[in-house]
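Structure record follows, encoded as structure tokens.
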Amino acid sequence: QVQLVESGGGLVQTGGSLRLSCAASGRTFSQYVMGWFRQAPGKEREFVAAIDWSGGNTVSADSVKGRFSISRNNAKNTGYLQMNSLKVEDTAVYYCAAGSRGSGSSPLLYNYWGQGTQVTVSS
């Protein structure tokens with residue numbers, strides 16, 4: 001079992017930056033792939049980015065490429081999502097997730113989920 005807690009969300013203006021953190025506890029975090037997803041009101045949960053257990057391979061959605069970057073520090077059992085050049089359409093609840101079946105974009109690959117952190121981008 002892995003417990004995940006997100007932090008770092010908030011209100012930011014268009015063009016601003018935020019850094020989300022995902023603190024893991026329980027089983028060894030380094031054994032798991034980590035992903036970030038988001039869900040805006042009235043929309044389905046959407047893949048944002050994922051990183052493999054070593055941090056050597058990442059994948060991200062086209063909508064955030066060049067603006068968001070995912071990373072992790074296994075020694076601190078923490079994952080991160082650096083978000084730059086934020087847009088109004090990035091407004092959503094952001095969730096981190098951990099899984100053992102590959103760093104893909106499907107939510108079905110992830111076994112454990114955090115409660116989410118709200119990111120609001122104002123114009």
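The values are calculated or read from the model by the stated rules, or taken from the named source; none is laboratory data. Every value quoted in this text rests on a predicted model; they were computed, and no experiment measured them. Because the Cβ atoms are built from the backbone with ideal geometry, glycine has one as well, and the counts that use them run over all protein chains shown. These area figures cover heavy atoms from the full protein model, side chains too; ligands, DNA and RNA do not enter into them. Shrake-Rupley method; radii C 1.70, N 1.55, O 1.52, S 1.80 Å.
Listing for the model above:
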read-out: Spin-label proximity, Asp52 to the range 2-39 - amide N less than 14 Å from point 7 Å beyond Cα toward beta carbon; value: 31-34
read-out: Residue-span extension gain [Arg19 to Ala61] - 0.36 nm each, minus C-alpha spacing; value: 13.4 nm
read-out: Charge context of Val2, other residues only, Cβ under 15 angstrom, K/R +1, D/E -1; value: +3
read-out: Cα centroid of the range 96-116 to Cα centroid of the range 42-95, whole Å; value: 12 Å
read-out: Where the Cα pairs of the range 1-59 fall when distances are cut into 10 Å bins, in %; value: 18, 45, 31, 6
read-out: Lys, Arg +1 and Asp, Glu -1 on Cβ, resulting dipole of the range 35-109 about Cα centre, debye, nearest 20; value: 140 debye
read-out: Estimated Rh, the chain: Kirkwood, alpha-carbon pairs, angstrom; value: 14.1 Å
read-out: Solvent-accessible area, 1.4 Å probe, carbon plus sulfur percent, for the chain; value: 46 percent
read-out: The chain - accessible surface per residue (Å², probe 1.4 Å); value: 50 Å²
read-out: Inter-site label distance for Lys87 and Glu44 at 7 Å from Cα along Cβ, in nm; value: 2.0 nm
